[in-house]
Amino acid sequence: MDQSITFTEKDQLKAKPESVQLGFGKYFTDYMFEMDYSLEKGWHDPRIAPYAPVALDPAAMIFHYGQEVFEGLKAYRAKDGRILLFRPEKNMKRMNQSCARLNIPKIDGKFVIKAIKKLVAIEKDWVPTEPGQSLYIRPFIIGTEPFLGVHPSGSYKLLVICSPVGSYFGRNTKPVKIYVEDEFVRAVKGGVGFAKTSGNYAASLRAQTKAEELGFDQVLWLDGVEHKYIEEVGSMNIFFKVDGEVWTPELDGSILPGITRDSVLELLKKWGVPVKEKKISVKKLFKKAEKQKLEEVFGTGTAAVISPVGFLKWEDRVVKVANGETGKLSKKLYETLTGIQNGTIKDDMGWTQEVVAASTSDAAAEPAGTPDVVSEAAVTE
Ligand code: COI
């Protein structure tokens, strides 16, 4: 796709929240990226414009049949002022896999990364400076054709919005409490479990509410057929350290192929930690826990980063993991991953991409006023 991205500047920028107020996904920046798709023109009219409500026909297909895919990635601010993205090409690859499953036309991943870099460069003053905080970037595509027959939409909109965020769970590094859901299921093989699509999350909400009512943070899903094998947690993949070995459920079509999951697997292999992607029976896991062999549990995700798990409940059994504290491996993974992401640890893996160079970013640290139009040169491609 070889089209130029237009930029419409707004007169008055928003006031930015204090860093202590951030939480997750509550505040949105000044601009968004948008482009449209039609059968005649393909993807067209890429633009960065002021963040604003989207006008859609009430018959638009997204409202009725949920034809949607989304992604989540983050921009991190390094100490020297550089702004970095983490493995954005992985998000684009996964977005196209989700598009294929949801019958949405493919995007040009390289072009969307270029648009994201341009948007983040314009929004550079929104990238938080505090440790553990970042600018969450949410690309998504919706079917926009006004039609009530069940068929793929003939038109789509891709949007990218940005939100300055802190910890997803609002607990910082305090371990989370997980409830193993044994009634509802999230996905089955052949379904859309591997795709990042809104329906998966809509279908999780009843169980999430149930878990919260019982005092837990999130649900751990079991397989949709036998209710025996562990799949993933509400907003993250899951890892177990059992008797010196790390286990995570294998990607079998019903589990989201997490980018943080993949990065953790690569780091563990690099460190020589024995790691297995396999079918994990919940019964066997609880047996291991009861024999004091379950050493650590942690979730992985872009939003969740590395979230240690302190408690697991399944039926009437509750296990306390690592004494309810953060385990050594979870801590090492958190520090290494966030260190690479925010530039304090040398990126030997080649995972980060610079969006704004240190000197440009310093200049950008001036008090927010009317934004400079970001020149192509200011964006490191
Ligand atoms: C992410 O980690 O980026 C996600 O999309 C999880 C989300 C449901 C908060």
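Answer with one residue from I62, P146, Q218: the one whose Cα lies farthest towards the positive end of the charge dipole of the chain, charges on Cβ with Lys, Arg +1 and Asp, Glu -1.
Comparing the listed Cα positions along the dipole, Q218 ranks first.
Which whole-angstrom value gives the distance between the alpha carbon centres of the stretch 257-287 and the stretch 1-62?
Distance between centres, Cα-based: 37 Å.
Once label points are set 7 Å from the Cα along Cα→Cβ at both L56 and K279, what is their separation, rounded to one decimal in nm?
About 3.9 nm separates the two model spin labels.
For the stretch 176-325, which whole percent of the accessible surface, found with a 1.4 angstrom probe, sits on carbon and sulfur atoms?
50
Roughly what would the spin-label model give for K110 and T344, points 7 Å off Cα along C-beta, in nm?
Here the answer is 3.6 nm between the modelled labels.
Over the stretch 1-154, calculate the relative contact order: mean separation of alpha carbon pairs under 8 Å at least 6 apart, over the residue count, as a percent.
30
Could you pull out every whole DSSP H run in the chain that spans at least 15 Å of Cα extent along its own axis and averages 0.5 or higher on the Kyte-Doolittle scale?
Helix filter hits for the chain: 109-122.
Could you give the dipole magnitude of the stretch 176-325 about its Cα centre, charging the beta-carbon of Lys and Arg +1 and that of Asp and Glu -1, in debye to the nearest 20?
300
Per residue, how much space in cubic angstrom lies within the convex hull of the C-alpha atoms of the stretch 176-325?
With only Cα atoms used, the stretch 176-325 gives 101 Å³ per residue.
Sequence gap at least 6, Cα distance under 8 Å: using those rules, report the relative contact order of the stretch 176-325 to the nearest whole percent.
Contact order relative to length: 26 percent.
Stretch D80-K228 to full length: gain in nm at 0.36 nm per residue minus the Cα-Cα span?
48.4 nm
If you roll a 1.4 angstrom probe over the protein chains with everything in place, what fraction of the accessible area of the stretch 11-164 belongs to carbon and sulfur, to the nearest %?
54
Applying 1/(1 + (r/R0)^6) with R0 = 56 Å to the Cβ-Cβ distance of F147 and K291, what FRET efficiency is obtained, to the nearest 0.05?
After rounding, the FRET efficiency stands at 0.45.
Taking the solvent-accessible surface of protein heavy atoms with a 1.4 Å probe, what is the per residue accessible area of the stretch 147-229 in Å²? Mind showing how you got there, number by number?
Numbers: 3680 Å² over 83 residues.
Per-residue accessible area for the stretch 147-229 comes out at 44 Å².
Go through T8, F286, Y168 and say which Cα lies farthest out towards the positive end of the charge dipole of the chain; charges sit on Cβ, +1 for Lys and Arg, -1 for Asp and Glu.
F286
What whole-number distance in Å separates the alpha-carbon centres of the stretch 296-355 and the stretch 75-105?
Each part reduced to its Cα centre gives a spacing of 20 Å.
For the stretch 235-317, what is the Kirkwood estimate of the hydrodynamic radius, computed as the reciprocal of the mean inverse distance between distinct Cα atoms, to one decimal in Å?
It is 13.3 Å.
Please report, in cubic angstrom per residue, the volume enclosed by the convex hull of the alpha-carbon atoms of the chain.
140
Relative contact order of the chain: what whole-number percent is it, with Cα pairs under 8 angstrom and at least 6 residues apart?
20
Over the stretch 1-99, average the accessible area per residue using a 1.4 Å probe and give it in Å², no decimals.
49
Given +1 on the Cβ of Lys and Arg, -1 on the Cβ of Asp and Glu, and no further charges, what dipole in debye does the chain carry about its Cα centre, rounded to the nearest 20?
1300
For the stretch 247-333, with every protein chain kept in place, what is the accessible area per residue (1.4 Å probe, Å²)?
44
Subtracting the Cα-Cα distance from 0.36 nm times the residue separation, let me have the gained length for L205 to H64 in nm, one decimal.
On the way: separation 141, 0.36 × 141 = 50.76 nm, distance 1.83 nm.
That pair, L205 and H64, stretches by 48.9 nm at full extension.
Extension gain E266-A15, at 0.36 nm per residue separation less the Cα-Cα distance, in nm? Walk me through the intermediate numbers first.
Details: separation 251, 0.36 × 251 = 90.36 nm, distance 4.00 nm.
Full-extension gain reported as 86.4 nm.
The values are calculated or read from the model by the stated rules, or taken from the named source; none is laboratory data. Because the structure is a prediction, the values reported are computed rather than measured. FYI the Cβ positions are ideal-geometry reconstructions off the backbone, even for glycines, and counts take in every protein chain you see. The protein model used for the area step is the full one, side chains on, heavy atoms only, and it has no ligands, DNA or RNA in it. Shrake-Rupley method; radii C 1.70, N 1.55, O 1.52, S 1.80 Å.
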